[in-house]
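First up is the structure itself, then whatever we jot down about it.
Quick note: the coordinates plus some simple rules give every number you see, no bench work behind them. All values derive from a computational prediction rather than experimental measurement. As a convention, Cβ positions derive from the backbone with ideal geometry for all residues, glycine included, and neighbour counts pool all protein chains shown.
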Amino acid sequence: MPPWCRKIQAVIFDLDDTLFLERYYVKSGFEAVATYLRNMIGEKKPFERWMWRRFLAGKSEKMFDSLNEHFSLNLSKDQIAKLIAVYRQHKPKIKPCRGVKNLLTNLKQRGKKLGLLSDGFLPAQQLKLRAINLERFFDAILFTEEISRSAWKPSPIGFEKIRAELNVPHHACAYVADNPAKDFLAPNKLGWLTIQWRRRGQIHADNPPPKGGKPKQIVHTCKELLKILLAD
């Protein structure tokens, strides 16, 4: 019998690059920052296009510092910090990945408890969830930032807490996520079923996992995922 043939009672999802594609959030954030910056300095420069090309080239670190230098904006540290705040607090233009709503509906109809467990800065994570309009599907929602930064994955703290909220045993939980570098180590140790949901355009899907951090299953479609989660 395959190792995933167990009765799953609760399915907990990651947010970024699992329920929606993170790159569209990034693009939306760049547009918000560019609009703010143009209004601030009174110049119509293609800031978002420059940031997006740099991002697609795999250069996402210190984006706003590099923007400042490239365009010779002479922004202060406080002004760059404001750009970061605009990025994290903007109302994102994103939507769920194709098939996600039908997947969640199907799981609910089959009696599965659903949870959401995600790292990231508040209120950015809350704004993302609000933008994709999926809150109604979840029986428990936990943004680890609400606990503390120390609860970010691969810490088991969030997994323990959301399991308790859903009131199911560890062996009956599944975690569906995208990033092998941090998403699966803790739930593997807790005895959860771990599933990497891969799709084109993800940012972190090829990150190498730590020892013990490989997902137990890898899927590419809703149909593959449902087959595993609904197995008796």
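Could you give the dipole magnitude of the chain about its Cα centre, charging the beta-carbon of Lys and Arg +1 and that of Asp and Glu -1, in debye to the nearest 20?
640
So which GluC sites (Glu not before Pro) in the stretch 24-113 are both in a DSSP loop and have at most 16 other Cβ atoms within 10 Å of their Cβ?
Glu43, Glu61
Over the chain, with a single point scatterer placed on each C-alpha, what log10 of the ratio I(q)/I(0) does the Debye formula yield at q = 0.09, 0.10 1/Å?
-0.41, -0.50
Please check: in the Gaussian network model of the chain (C-alpha springs, under 10 Å), which one of Tyr175, Tyr36, Tyr25 has the largest mean-square fluctuation.
Residue with maximal mean-square fluctuation among Tyr175, Tyr36, Tyr25: Tyr36.
Let me test this: with uniform point scatterers at the alpha carbons of the stretch 23-89, what is the Debye-based log₁₀ I(q)/I(0) at q = 0.13 1/Å?
-0.30
Report, in listed order, any pair from Lys93/Lys227; Lys113/Lys216; Lys62/Lys82; Lys161/Lys211; Lys95/Lys223 with a Cα-Cα distance greater than 22 Å.
Result: Lys93/Lys227; Lys161/Lys211 exceed 22 Å.
Sort out for me the Cα centre separation of the stretch 121-154 from the stretch 6-67, rounded to whole Å.
18
Using Cα springs under 10 Å in a Gaussian network model of the chain, which residue among Trp50, Trp152, Trp197 shows the largest mean-square fluctuation?
Result for the chain, Cα springs under 10 Å: Trp50 fluctuates most.
Return the distance in nm (one decimal) between the two label points of a simple spin-label model at Trp152 and Met40, each offset 7 Å from Cα along Cα→Cβ.
Each label point lies 7 Å from its Cα, and together they span 2.3 nm.
How large is the helix-only mean residue ellipticity at 222 nm for the chain, computed as the sum of -39500 (n - 2.57) over DSSP H runs with n ≥ 4, divided by its residue count, in deg cm²/dmol to the nearest 500?
Calculated from helices alone, the mean residue ellipticity at 222 nm is -12000 deg cm²/dmol.
Would you work out which of Leu166, Phe184, Ile132 lies farthest towards the positive end of the dipole of the stretch 132-188, given +1 charges on the beta-carbon of Lys and Arg and -1 on that of Asp and Glu, about the Cα centre?
Of the candidates, Phe184 comes out farthest on the positive side.
Over the chain, with a Gaussian network built from C-alpha contacts below 10 Å, which listed residue (Lys101, Lys45, Lys113) shows the highest mean-square fluctuation?
Lys45
Put +1 on the Cβ of each Lys and Arg and -1 on the Cβ of each Asp and Glu in the chain; which of Ser155, Ser60, Gln109 then has its Cα farthest toward the positive end of the dipole?
Positive-most Cα among the choices belongs to Gln109.
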